[in-house]
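Inspection log for the structure reproduced underneath, given as C-alpha cells.
Throughout, read-outs are computed from the coordinates displayed, never taken from laboratory work. Just so it is clear, the model here is predicted, and its values are computed rather than measured. Note that each Cβ is placed from the backbone with ideal geometry, even for glycine, and that neighbours are counted across all protein chains shown.
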Amino acid sequence: MSRLTDKNYWEELYQASPSSVRASPDSAGKRWLKKLIGPRLMDLISAYDDHLLWQGVFPRYLPSDTKGLSAVEIGSAPGEFMVRFAEAFGTRPFGVEYTRHGTELNRQTFVAAGLDPQNVIEADFFSDEFLEANRERFDIVISRGFIEHFDDVEAVVERHVALLRPEGTLFVLIPNLRGTYGWWTRLFNPGQLPLHNLGIMRVSRFRELFKGLPLESLRCSYFGTFSFWLFTAPPEARWANRAIRILHLVQRGLNLAFRLLFGSRGCENSLFSPNLCSSEGSLTDEAQLT
C-alpha cells in the first residue's frame with residue numbers, strides 16, 4: 001500500500017494538539033460572540049458545509065432508526081466527530097487510529113464525553129489482523145479526509161467496505177484541492193499537494209472508486225458551496241495566515257447568506273465546492289445476485 005504521508009507526520013500533528021479538544025473551553029471572543037448574537041444567529045453563521053452534512057446528508061441517507069447501531073470512523077483522532085455523531089443519532093461510536101498520540105487524544109475525548117475509551121482501536125487499518133478482527137462488524141463506516149492520502153485508492157475503499165455489515169451505510173468525504181482551492185494551495189502552501197491524491201478529486205474519477213463493489217450508490221458528487229477553511233498556509237507564512245484569519249471572519253457572513261439562499265440543499269460544483277462526498281449502501285448477498 002503506497003502512502004502519501006508517513007506515520008511521523010500524523011504523530012507530530014496530534015502531539016501538537018490539545019490533550020482533549022472536547023474539554024477545552026471556548027475562547028473568550030467566541031463566548032462573547034455567542035452572548036451578543038444569541039444561539040440562533042450563532043448557528044446560522046456556523047460552518048455551512050457542517051450544516052449540509054448534519055442536517056442534509058446524514059438524515060437523508062442513514063437508516064430511519066439508528067439507535068444502538070455501531071458506527072466507526074477511519075482515522076478518527078481527535079474524536080470530536082464521533083462524539084457528535086453518537087449524540088445526534090444514538091449510535092455506539094468507535095474509532096480507528098494508528099498513531100499513539102492520535103489514539104491517546106481520541107480516547108481522552110471519548111472519556112470527556114462519557115464514552116468507552118476502549119472503543120478507540122489502535123491499529124494499522126491495512127493490517128490483515130485488523131481486517132479479520134473487524135470484518136462486517138459495523139453498521140456505519142465513516143471516512144473523512146483519509147483515502148486521498150494513498151495511491152492505490154481502490155484497495156483502500158475495498159477495506160472500508162469489508163468492515164460494513166450487510167445493509168450497512170458507508171460515508172466517504174475527501175477535500176477538493178482542485179479549482180479555487182487548488183489555485184490557492186499551489187500559490188501559498190504547495191507542500192501540501194504531494195500529500196494528497198489529486199486524481200480522485202474529480203467527481204467522475206471519485207465515482208469510479210465505488211463501482212464493482214457490493215454497494216448501492218445513494219449519493220456521489222461535489223459537496224459544499226464555498227469555504228475559506230480550505231485556504232491554508234504553512235506556519236512561517238505569517239502574512240498569508242493573517243489574511244486567512246480575516247477570510248474566516250468573512251466566511252461567517254457567507255455561511256449566513258448560504259443558509260438563507262440554499263437552506264439544506266447547497267449549491268455545488270467543481271470550482272467552488274470544498275469537498276466530494278459519497279454515500280453508499282452495502283448490499284446483502286441476495287441483493288448482489290439479483
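Once Rh for the range 94-139 is found with the Kirkwood sum over Cα pairs, what is the Stokes-Einstein diffusion coefficient at 20 °C and 1.002 mPa s, in µm²/s?
Translational D for this selection: 193 µm²/s.
By average Cβ neighbour count within 10 Å, what is the ranking of 233-240, 220-227, 196-203, 54-61 from highest down?
220-227, 196-203, 54-61, 233-240
Need the full-extension length gain, Arg245 to Arg84, defined as separation in residues times 0.36 nm minus the C-alpha distance. One decimal, nm.
Result for the pair: 55.4 nm of gain on full extension.
Where does the chain land at 222 nm, in deg cm²/dmol rounded to the nearest 500, when only DSSP H runs of n ≥ 4 count, each adding -39500 (n - 2.57), divided by all residues?
-12500 deg cm²/dmol
Quick one: work out Rg over Rh on the C-alpha atoms of the range 199-252, Rh as Kirkwood radius.
1.21
For a paramagnetic label modelled at 7 Å from the Cα of Ser264 toward its Cβ, which residues of the range 65-87 fall within the zone defined by backbone nitrogen distances under 19 Å?
Taking a point 7 Å out along Cα→Cβ of Ser264, the residues of the range 65-87 whose backbone N falls under 19 Å are 65-67, 84-87.
If I fit a long axis through the Cα atoms of helix 238-262 and take the longest principal axis of the Cα atoms of the chain, what angle between them do I get, 0 to 90°, rounded to 10?
70 degrees
With N set to the residue count of the chain, report its C-alpha Rg divided by 2.2 N^0.38 Å to two decimal places.
That ratio works out to 1.00.
Counting DSSP beta bridges in the chain, what percent are antiparallel, to the nearest 5?
Of all bridge pairs located within the chain, approximately 45 percent are antiparallel.
What number results when the radius of gyration of the range 37-103, computed over Cα atoms, is divided by 2.2 N^0.38 Å?
1.29
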